[in-house]
Amino acid sequence: MPKRVTAFFDGFNFYHALDGLEPKGKLVATDYASFKSWKNHLKWADLRAIIQSKLDPKFEVLTEVLYFSAYATWLPAKDARHKTYVGALESTGVKPVLGRFKEKDRWCMAKCKQHYVSHEEKQTDVNIALFLMNYAWQDRYDRALLVSGDSDLVPAVCKVLEIFTNKSITIVTPPFRGAKELIKASRSSRLRIELADVQSHLLADKYTHPTTGQVILRPTEYQPPTDERDWIPHIDPWGCKNNTVKQKP
């Protein structure tokens, strides 16, 4: 019997890997604008198709793909695009598990000492850990693919492997992202999602939501570029941002 595989996507980790892409060298303003416009289409990624491409269909069957994220409701344009993306993912059979953002008071550390409100994402790490454990407990997978580089998930990975010795967890790293601690905890080699994997597995332009019947259209910001220039060879792997810290792949 083929092994049952469930994929657990850390949505923010994957998104920021794409959003943080940087070109090699210094570019003129027009080229840099072209690059920023080009990389946006990668955010319309077909997560199920990407994961499916990493499996051997003779020995493995993809049973479920879970997408963990939260909506930035205070940013209307981004919030709308994100909800459209989640609807498209649902149309391909991906299950979203949503956390939330919490407001946090902050004060400027410079002389002005002005008060402002920031937002912190909550629940996503806990949700991933809970689903990873609960699905193992329910015997819903033989192998878990954890798409993340977040070391906060190390305890969950260790505990699942400690309790369920017949199951395996493979860490799948987003483009140009490292996951040294997670890979060590998984006791397994990792899989890499390359930029070429994302570019060759994008969602379609139009979907009809399976539950609501809503027509879902690809946002104009995520339309593939019209020019023929391929930026992939010109991306600096050391310049890709992990929040504010550069990280080796």
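The table that follows gives values for the structure above.
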quantity: Qualifying residue in the range 131-146 (condition: small (G, A, S), more than 16 Å from the chain's Cα centre (by Cα) and surrounded by fewer than 18 Cβ atoms within 10 Å (Cβ to Cβ)); calculated: no
quantity: Failed item, numbered, when I216 is tested on (1) in a strand (DSSP E or B); (2) within 16 Å of the chain's Cα centre (by Cα); calculated: (2)
quantity: Residues of the range 192-208 satisfying the condition of being modelled with pLDDT of 95 or more, over 14 Å from the mean Cα position of the chain (by Cα) and of a type in the set (A, V, I, L, M); calculated: L203, A204
quantity: Selected residue [more than 13 Å from the chain's Cα centre (by Cα), over 30 Å from P224 (Cα atoms) and in contact (Cβ under 8 Å) with a residue 24 or more places away in the chain] from I163, I183; calculated: I163
quantity: Neighbours by Cβ (under 6 Å, 6+ apart or cross-chain): first from the range 190-215, farther than 15 Å from R48 by Cα; second part of a loop (DSSP other than H, G, I, E, B) and not basic (K, R); calculated: L195/P175
quantity: Verdict on T170 being in a loop (DSSP other than H, G, I, E, B) and of a type in the set (S, T, Y); calculated: no
quantity: Which numbered condition R106 misses (of (1) under 15 Å from T73 (Cβ atoms); (2) at pLDDT below 60); calculated: (1)
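Results for (1) at pLDDT below 90; (2) more than 19 Å from the chain's Cα centre (by Cα), shown as yes or no for each residue.
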residue	(1), (2)
F14	no, no
L27	yes, yes
Y32	yes, yes
K58	no, yes
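The values are calculated or read from the model by the stated rules, or taken from the named source; none is laboratory data. Since we're looking at a predicted model, the values are computed, not measured. Cβ coordinates were reconstructed from backbone atoms using ideal geometry, including for glycine residues, and neighbour counts include every protein chain displayed.
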